[in-house]
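A.B. asks: Structure provided below as structure tokens; questions to follow.
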Amino acid sequence: MLRTIVKREIQHNLYSLRFQISLVAVLAIFIVGSISFIKGFSSELKKYSDYQSQYLEQIKNEAKIHATRLAVTRKTYELHPRSNSFISDCKEKYLPNAIVFSAWNVFSFLNRSGSVNPFMIQFQELNWSFIVSMILSFIALLLTFDSVSGEKESRTLALTLSNAFSKGTLLFGKYISAIVTTMLIAVLGILISVLIIVFSNQLALSSVFILECLGFILLLFLLIASMAGFGLLSSVLSHKSNISLLIALTFWLIFAVVIPNLSTLIAKRIFSIEHEEAVQRKINQVLSDIGRNAPEGSWSMNGFNPFAPEHRLRANLMQKLMDAEKSIRDAYYQDMFQQFERTRLLTVISPISLFEYMTESVIAGGYPRFKKVWEEMHIYQNQFLNFFKSFDASDPDSPHWYNPREVVSTTRKPVALEKVPLFEEKAMSFSERLSSLFKYLIINAIYIAVIFLLSFVLFVRYDVR
């Protein structure tokens, strides 16, 4: 019976005008988005290649001067463009994508848009995630909003239920058929997009890419299942199709527009943190207190004699100043991370937001990617510092007074570039991706079950006459 219902409903959907219009529109958007990615990604790679050359040239020149200059000078590491960003940009243009560091500290993170016109970063890119979350989620509602109320208005629902199957079977059949129909549109669009990008030589097929695509399709299925559930719920909440459509549109606006924007404002009230200006005032006060209480001679510079005792006092003072600022800033950054993560927990009531967070984990982009690089940079910074101290210890002409800001009391010998440890971003392993994804999968599964159960309960009580 269920198979008969599903087959009937799919045939009805496939021959409907709304399906045909949706199919043409979605395929066209996938094609345009793929071509847009091809045009833009090669430009991004060129910009990043130029930056990388300058970055390595800076390190090479500093190493030629001497190892202390290399260790003390601040450098900016920029994250490379993702080749799978056509799946989702993960809103990375709004997230930090560069980290400032030296051998002594990881100072801060920056956002570099890389855009010739910074105003243009406000526009959405036509990647798979955007098409799914904004368009296919709406199509799932469009195919289900009148699945019950429409039959009620046409007076066919009572006749349908006169057959030998239950209300639950009928509702589940309509639900499955809507998911299958929407998935058909999505998978066709994805296949066309992959073919365009692969034949453009912008992407090589690999096992990692195939697994990412399969993972994305699974998340796509979960989103469509969630939105189709809300479509059914809209349909059983009213006896008229126009009212059901209004309810469905309300659901979509809340999930796609209201929650992602309003939750940030709410979170700032609930999970408020200090402003940057207050943090800087605190830093200035602490640094002023340390400087005022420093031993006499700590601020003096006795020419260029590296063994002058004043340099030892000054090195100790500079270390204390850096450690004090580092402690305050690290605590502030941790508060920022926690505020961001807690804000996300408020938005998981939106299946669209939930889908976007899970996509980040599957394709190793967005916030999970940045957080991993940020943590790995701290590990690398310690390795860089240990390398410098080891190199300095081998120089008998160095007093070995470690000054994190200046070049006066450690080695003046150059170091070969090939001996210098360089930071390289490591791709997220599949276990790390699953770990980041798992809690969202559980939430989504519960979400789908609750929405369908609620629709079922209301449908059982629905007056079919």
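The values are calculated or read from the model by the stated rules, or taken from the named source; none is laboratory data. Just so it is clear, the model here is predicted, and its values are computed rather than measured. Don't worry about glycine lacking a Cβ; one is built from the backbone with ideal geometry, like all the others, and counts go over all protein chains shown. Heavy atoms of the whole protein, side chains included, go into the accessibility calculation; ligands, DNA and RNA do not. Shrake-Rupley method; radii C 1.70, N 1.55, O 1.52, S 1.80 Å.
A.B. asks: For residue 312, which of the numbered conditions (1) more than 30 Å from residue 90 (Cα to Cα); (2) surrounded by fewer than 16 Cβ atoms within 10 Å (Cβ to Cβ); (3) in contact with a Phe, Trp or Tyr (Cβ under 6 Å, 6 or more places away or on another chain) fails to hold?
C.D. replies: (2)
A.B. asks: Could you list, in sequence order, all residues of region 117-157 that are modelled with pLDDT under 85, within 27 Å of residue 187 (Cβ to Cβ) and of a type in the set (S, T, N, Q)?
C.D. replies: 124
A.B. asks: Please state which of the following conditions residue 90 fails to meet, knowing it meets all the rest: (1) outside any helix (DSSP H, G or I); (2) touching an Asp or Glu at 6+ places or on another chain (Cβ under 8 Å); (3) farther than 28 Å from residue 204 by Cα.
C.D. replies: With respect to (1) outside any helix (DSSP H, G or I); (2) touching an Asp or Glu at 6+ places or on another chain (Cβ under 8 Å); (3) farther than 28 Å from residue 204 by Cα, residue 90 is out only on (3).
A.B. asks: Right, something else. Tell me, please, whether a residue that is at pLDDT below 95, hydrophobic (A, V, I, L, M, F, W, C) and within 36 Å of the chain's Cα centre (by Cα) can be found in region 365-378.
C.D. replies: No, because not a single residue in region 365-378 is at pLDDT below 95, hydrophobic (A, V, I, L, M, F, W, C) and within 36 Å of the chain's Cα centre (by Cα).
A.B. asks: Also: Within region 37-82, track down each residue that is at pLDDT below 90 and of a type in the set (S, T, N, Q).
C.D. replies: Across region 37-82, the qualifying residues are 42, 43.
A.B. asks: Here's another thing I want to ask about it. Taking into account only those residues within region 322-350 that are under 21 Å from the mean Cα position of the chain (by Cα) and hydrophobic (A, V, I, L, M, F, W, C), which is farthest from residue 375 (Cα to Cα)?
C.D. replies: By that ranking, first place goes to 349.
A.B. asks: What's the number of the condition residue 102 fails, among (1) of a type outside the set (Val, Ile, Thr); (2) modelled with pLDDT of 95 or more; (3) open to solvent by 40 Å² or more (accessible area, probe 1.4 Å)?
C.D. replies: (3)
A.B. asks: I need every pair where a residue in region 241-255 that is in a helix (DSSP H, G or I) has its Cβ under 8 Å from the Cβ of a residue that is acidic (Asp, Glu) and crowded, with 20+ Cβ neighbours inside 10 Å, sequence separation at least 6 or different chains.
C.D. replies: 241/146; 244/146; 245/146
A.B. asks: Restricting the search to region 331-389, which residues are touching a helix residue (DSSP H, G or I) at 6+ places or on another chain (Cβ under 8 Å), polar (S, T, N, Q) and assigned to a helix (DSSP H, G or I)?
C.D. replies: The answer is 339, 343, 347, 353, 359, 361.
A.B. asks: It is to be established whether one or more residues within region 271-281 are under 22 Å from residue 325 (Cβ atoms), part of a helix (DSSP H, G or I) and among the acidic types (Asp, Glu).
C.D. replies: Scanning region 271-281, I find at least one residue that is under 22 Å from residue 325 (Cβ atoms), part of a helix (DSSP H, G or I) and among the acidic types (Asp, Glu), so the answer is yes.
A.B. asks: Considering only region 413-430, state which residues are open to solvent by 80 Å² or more (accessible area, probe 1.4 Å) and within 30 Å of residue 351 (Cβ to Cβ).
C.D. replies: 427, 430
A.B. asks: Consider residue 69 carefully, then state whether it is surrounded by 15 or more Cβ atoms within 10 Å (Cβ to Cβ), of a type in the set (Lys, Arg), more than 16 Å from residue 127 (Cα to Cα) and touching a residue at least 24 places away in the same chain (Cβ under 8 Å).
C.D. replies: For residue 69, the condition - surrounded by 15 or more Cβ atoms within 10 Å (Cβ to Cβ), of a type in the set (Lys, Arg), more than 16 Å from residue 127 (Cα to Cα) and touching a residue at least 24 places away in the same chain (Cβ under 8 Å) - is met.
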